Structure formats: structure tokens, C-alpha cells
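In what follows, a single structure is set out as C-alpha cells and then discussed.
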Amino acid sequence: MNMTHYMELLATNQPWNLLIFMAVPVILAETLAITELYVLFTRRNEGWVHSLNRAAGITVGLYFIGVIIYLMNTAVLPITKAGEWRTIIDVIAVGSYLIGGLPLIYIALQELGLVNSKASDEDKRKVHAVCVALFLVFGHIAMITGMLDPALLGYGPDTATDMPMMHNH
């Protein structure tokens with residue numbers, strides 16, 4: 001079975017790529033999501049859960065800045081230049097993963113006071129909640145499409161050379 005570059009990235013260099021590109025960001029983002037629910041329901045903008053929420057938001061956002069820069073330079077740009085995308089399935093998987101990091105970066109910027117600094121705590125919580133939701137949506141799109149076989153849309157490692165020859169004898 002063929003795989004998307006997304007799955008290939010996670011499967012290569014085991015266990016390091018899986019830890020770096022999936023486990024660490026997902027654990028941080030899920031910590032952010034769970035603590036976000038607690039803060040939203042209790043309306044407690046202080047305490048250890050709020051502090052954990054803030055720390056997870058800053059950490060995952062800054063982490064994704066590094067991930068996006070790294071993957072753009074080592075994967076997206078070279079794959080694009082070489083014309084090696086494995087159908088739109090591959091583009092959606094990788095693109096969704098990278099786009100999913102943007103709302104987390106926004107949360108970090110907000111927590112660091114670089115955006116929305118004059119917004120009320122309630123408005124900041126709303127932005128947090130929307131950003132977490134966007135990350136979850138794009139992250140799941142990336143995971144689902146990343147697990148698809150690009151051959152569903154015609155990709156094969158040597159698609160051009162695997163075409164049967166038509167001979168009239």
C-alpha cells in the first residue's frame with residue numbers, strides 16, 4: 001500500500017518522528033483542550049488548571065512554530081519543487097496538519113500578550129475555545145486523510161511507467 005507523506009513522516013525514524021510530530025504536539029494540544037473545558041465551565045481564571053492551560057497553550061504554539069518552519073523547509077518546499085505530491089489526498093493531509101498549528105500559535109501569541117492584549121478575559125477565553133476547536137478540526141482532517149492510500153486517486157510510485165503498453169499485432 002502507498003502512503004501519504006504525512007504517514008511516511010510519522011512512520012520513518014521510529015519512534016522519534018512519531019514523538020516529535022504527533023505525540024508531543026497532540027499531548028500538549030489535548031492538555032490545552034481539556035483544561036480549556038475546565039476553565040470555561042468553572043470560569044476560574046486562576047489556579048493550577050488555569051496555569052497549566054496557559055503553559056500548554058504557550059508551549060504548543062511555540063512548538064508548532066518550529067514544526068511548521070522545519071516541515072516547510074525539509075518537506076513541503078522540496079516536495080512541491082520536485083512535483084512529488086501523491087495526489088490531493090497528500091496535499092490535504094500535510095496542509096491540514098500545518099494549518100492546524102496556526103490557531104495554536106495564535107493562542108500562544110495571545111497568552112504572551114502579543115495579540116488581543118486589551119480584550120476581556122471572557123473574549124480571550126472565546127478566542128481560546130475557537131482556536132482549540134480549529135486545531136481539532138484540522139488535526140482530524142490531517143489524520144484521516146493522512147491514513148488514506150493515495151492510490152485511491154491514481155497515485156502509484158511509478159504511475160507513468162506502470163501504464164500497460166497497447167500493442168496491435
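The values are calculated or read from the model by the stated rules, or taken from the named source; none is laboratory data. Small disclaimer: the values here were computed from a predicted structure and weren't measured. With ideal geometry, Cβ positions are generated from the backbone for all residues, glycine too; neighbour counts draw on all protein chains shown. Just so you know, the surface numbers come from the protein's heavy atoms only, side chains and all, with ligands and any DNA or RNA stripped out. Shrake-Rupley method; radii C 1.70, N 1.55, O 1.52, S 1.80 Å.
Out of the residues in segment 133-167 that are over 21 Å from Met1 (Cα atoms) and at pLDDT below 90, which is most open to solvent (accessible area, probe 1.4 Å)?
From segment 133-167, those over 21 Å from Met1 (Cα atoms) are 133-140, 165-167; that's our starting set.
So of that shortlist, the ones also at pLDDT below 90 come out as 165-167.
Details: Met165: 142, Met166: 169, His167: 120 Å².
Going through the qualifying residues, I end up with Met166.
Got a number for residues in segment 24-59 being within 22 Å of Phe138 (Cβ to Cβ), modelled with pLDDT under 95 and small (Gly, Ala, Ser)?
So the answer is 2.
Checking Tyr97 against (1) within 30 Å of His5 (Cβ to Cβ); (2) more than 13 Å from the chain's Cα centre (by Cα); (3) of a type outside the set (Gly, Ala, Ser), which single condition isn't satisfied?
Exception for Tyr97: condition (2).
Quick check on this structure: which one of Ile58, Ile79, Ile34 is under 20 Å from Thr145 (Cα atoms) and aliphatic (A, V, I, L, M)?
The unique qualifying residue is Ile79.
Looking at segment 60-84, which of its residues are without any contact (Cβ under 8 Å) to a residue 40 or more places away in the chain, over 14 Å from the mean Cα position of the chain (by Cα) and surrounded by 12 or more Cβ atoms within 10 Å (Cβ to Cβ)?
The answer is Thr80, and nothing else.
Those residues that are open to solvent by 40 Å² or more (accessible area, probe 1.4 Å), in a helix (DSSP H, G or I) and in contact (Cβ under 8 Å) with a residue 40 or more places away in the chain, I need them from segment 29-58; list them, please.
Answer for segment 29-58, where residues must be open to solvent by 40 Å² or more (accessible area, probe 1.4 Å), in a helix (DSSP H, G or I) and in contact (Cβ under 8 Å) with a residue 40 or more places away in the chain: Leu40, Arg54.
Which one of these is among the β-branched types (Val, Ile, Thr), over 17 Å from Met22 (Cα atoms) and open to solvent by less than 50 Å² (accessible area, probe 1.4 Å): Val130, Val115?
After ruling out the rest, the residue left standing is Val115.
Of the numbered conditions (1) at pLDDT 95 or above; (2) more than 30 Å from Leu10 (Cα to Cα); (3) of a type in the set (Asp, Glu), Glu122 fails exactly one; give the number of that condition.
Among (1) at pLDDT 95 or above; (2) more than 30 Å from Leu10 (Cα to Cα); (3) of a type in the set (Asp, Glu), the lone unmet condition for Glu122 is (1).
So which residues in segment 96-117 are modelled with pLDDT of 95 or more and not in a helix (DSSP H, G or I), if there are any at all?
Matches in segment 96-117: Leu112, Gly113, Leu114, Val115.
Between a residue in segment 118-138 that is in contact (Cβ under 8 Å) with a residue 40 or more places away in the chain and any residue that is of a type outside the set (A, V, I, L, M), which pairs come within a Cβ distance under 6 Å, given they are 6 or more apart or on different chains?
Asp121/Asn45; His128/Glu36; Val132/Glu36; Phe135/Gly100; Phe135/Pro103; Phe138/Ser96; Phe138/Gly100
Please verify whether Met1 is touching a residue at least 60 places away in the same chain (Cβ under 8 Å), open to solvent by 40 Å² or more (accessible area, probe 1.4 Å) and within 15 Å of the chain's Cα centre (by Cα), treating the condition exactly as stated.
no
I want to confirm something. Restricting to segment 4-28 and keeping residues that are touching a Gly at 6+ places or on another chain (Cβ under 6 Å) and part of a helix (DSSP H, G or I), which single residue is least open to solvent (accessible area, probe 1.4 Å)?
Among residues in segment 4-28 that are touching a Gly at 6+ places or on another chain (Cβ under 6 Å) and part of a helix (DSSP H, G or I), the one least open to solvent (accessible area, probe 1.4 Å) is Tyr6.
Could you check, for segment 83-95, whether at least one of its residues is in a loop (DSSP other than H, G, I, E, B), farther than 17 Å from Val26 by Cα and in contact with a Ser or Thr (Cβ under 8 Å, 6 or more places away or on another chain)?
yes
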